Amino acid sequence: MLDAVASTFAPHPLIHTVPNRRIRNIAVFRAMQPVLEAALGVALPASRTRIVHRGADILWNGPRQWLVLGELELPVNRAAITEQTDGLCLFSVSGPYAVTILKKILPIDIARFAADEVAITAAAHIGVHVWRQDENFILGCFRSYSGALHHVLMQAADTFTERG
C-alpha cells in the first residue's frame, strides 16, 4: 500500500467518510471462477449486487470482477488481485434526505435501489461506485477525485440538515 494520507472533509450530518478498510479488486482468470468460488466458499455476485462473506463486503465490479472490502483471504493463483486501499475514498450518505441528495448528482434512479444493489456510474461527471448498505448509500471514487465528490455532495445537501 502507498500509505497515503487521508483527506479531511468538512462535517455534515448526512455525509460522512467511511472508515478505512482494505480494498482489493479481483479479476478472475479465464475458466477459474468455479475454482475461485470453491476456494472462497461463496458464489460471487454475477450482477450488480453486494454480498457479505466472512466479514468482508464483496461488490460486483463488472463481468468476472469484484471489489473486496475487508480482510478476506484471497487465493492468489486463481485471479489477478490489485490493491486499491489507498486509491479509493468512500463516502456514506444517510438520513431522510439521502435519496433526494443523490438524485441531484446521479443519472440513475437511486430511489429504486434495493438493499445491496451496486452501480458503476458518474456523480456530477466523477466516476463512482454506489451501493446501498442498509439505509445508507456508499459512494466510492478515486482518491484524487474525493475532494471534488465531497464538494458536490455538500452542495447537493446544502439545504438539508438531519431533523430526525
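Just so it is clear, none of the values below were taken in a lab; they were calculated from the coordinates. Small disclaimer: the values here were computed from a predicted structure and weren't measured. As a convention, Cβ positions derive from the backbone with ideal geometry for all residues, glycine included, and neighbour counts pool all protein chains shown.
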### Task
As a check on your grasp of the helix formula, calculate [θ] at 222 nm for the chain: sum -39500 (n - 2.57) over DSSP H runs of n ≥ 4, divide by the residue count, round to the nearest 500.
-4000 deg cm²/dmol
### Task
Please give the length that would be gained between ARG54 and SER144 if that part of the chain were fully extended, namely 0.36 nm times their separation in residues minus their C-alpha to C-alpha distance (nm, one decimal).
29.4 nm
## Note on the structure
Ignoring GluC sites (Glu not before Pro) buried by more than 13 other Cβ within 10 Å or outside DSSP loops, the longest site-free run in the chain is 1-70
### Summary
Env charge @ ILE110, Cβ radius under 11 Å, K,R +1 / D,E -1, value +2
### Query
Taking the chain as a Gaussian network, Cα atoms linked when under 10 Å apart, which of ALA123, ALA148, ALA98 shows the biggest mean-square fluctuation?
ALA148
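Calculate the FRET efficiency for ASP109 and VAL76 from the Cβ-Cβ distance with a Förster distance of 35 Å, rounded to the nearest 0.05.
Rounded to the nearest 0.05, the efficiency is 0.35.
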### Message
Quick check: the angle from helix 146-156's long axis to the longest principal axis of the chain, C-alpha only, nearest 10 degrees?
### Response
40
### Message
So the label point goes 7 Å from the Cα of GLN155 along Cα→C-beta, right? Which residues of segment 85-122 then have their backbone N under 11 Å from it?
### Response
105
### Summed side-chain charge close to ALA56 - residues other than ALA56 whose Cβ falls under 13 Å, Lys, Arg +1, Asp, Glu -1
+2
